[in-house]
1. Using the number of other C-beta atoms within 10 angstrom as an exposure proxy, rank 6, 44, 209 with the fewest first.
2. Determine the equivalent ellipsoid of segment 167-222 by diagonalising the alpha-carbon gyration tensor, then write out the semi-axes as square roots of 5 times the eigenvalues, largest first, rounded to whole Å.
3. What share of the DSSP beta bridges in the chain is antiparallel, in percent to the nearest 5?
4. State the dimensionless ratio Rg/Rh of segment 77-207 (Rg: radius of gyration of Cα atoms; Rh: Kirkwood radius).
5. How high is the FRET efficiency between residue 64 and residue 246 when r is their beta carbon distance and R₀ equals 30 Å, given to the nearest 0.05?
6. Figure the gain on full extension for residue 197 and residue 34 (residue separation times 0.36 nm, minus the Cα-Cα span) and round it to one decimal in nm.
7. Hey, what's the per residue convex hull volume over the C-alpha atoms of segment 78-145, in cubic angstrom?
8. Ratio of Rg to Rh for the chain, alpha carbon only, Kirkwood?
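Nothing in this text is a laboratory measurement; each read-out follows from the coordinates by a stated rule. All values reported here derive from a predicted model rather than from experimental measurement. Positions of Cβ are generated from backbone atoms using ideal geometry, with glycine treated the same way; all protein chains shown enter the neighbour counts.
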């Protein structure tokens, strides 16, 4: 039996002290759903034995950086090569599991809607709980602790930020989409650039989403689903909390510190191109 041809799609996964056993299922799923090439970008120290004696499949490329370039910086190495070869590029976390027909469905949607530059499917946790990863442009107030702003006001702000007043079972045009799974058009990346590597971690996905919207649409497409572990490391580590704060400072310095009409978007029908 002749296998169907691969999609014109490169996929990058950035690893840091991750064993091959932790990503073997995802790699197999991506190959089964016809990704043309998977780039495993390993930001671990060279002495960390990520792959052991594992022999990568033919369509998998291993890139060992020898130093931690951060999330966006690691993906950018793969993106630079991928968008010269393929029509689309997928940025994925290592702790993703694909539902049925995720790549074929997203590929078909992007092919049929040339105005879309970035898409993301429905995302749930291992327990099946919906993750609200469509965001309005953030405000610094979104990140103030509940004890400072009051629990009720904090909850209202969080719900507004996460677009919980919109139907997550329908398509949306969010301002910001999560970096855990970003299906990107190569021609859009040629226009707006890849991740801004000055964000070592956090906010690099919001920054890229905002730049994509300057020339294309962001599309939330809930007809297909992925599962994501969705860890919140900055809440457990002082170092990551400091990195989070620095990234937030850079983001708000670039995109503004106060809410405006753009940050209140979210109800526009998915068929309407962004203004």
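1. With the fewest neighbours first, 6, 44, 209 line up as 6, 44, 209.
2. Values: eigenvalues 75, 38, 16 Å².
Here the semi-axes work out to 19, 14, 9 Å.
3. On the way: 14 of 38 bridges.
Bridges in the chain that DSSP calls antiparallel: roughly 35 percent.
4. Working: Rg = 16.2 Å, Rh = 16.4 Å.
Dividing the radius of gyration by the Kirkwood radius yields 0.99.
5. 0.70
6. So the chain would gain 55.8 nm between residue 197 and residue 34.
7. Residue-normalised Cα hull volume stands at 160 Å³.
8. So for the chain, dividing Rg by the Kirkwood Rh gives 0.95.
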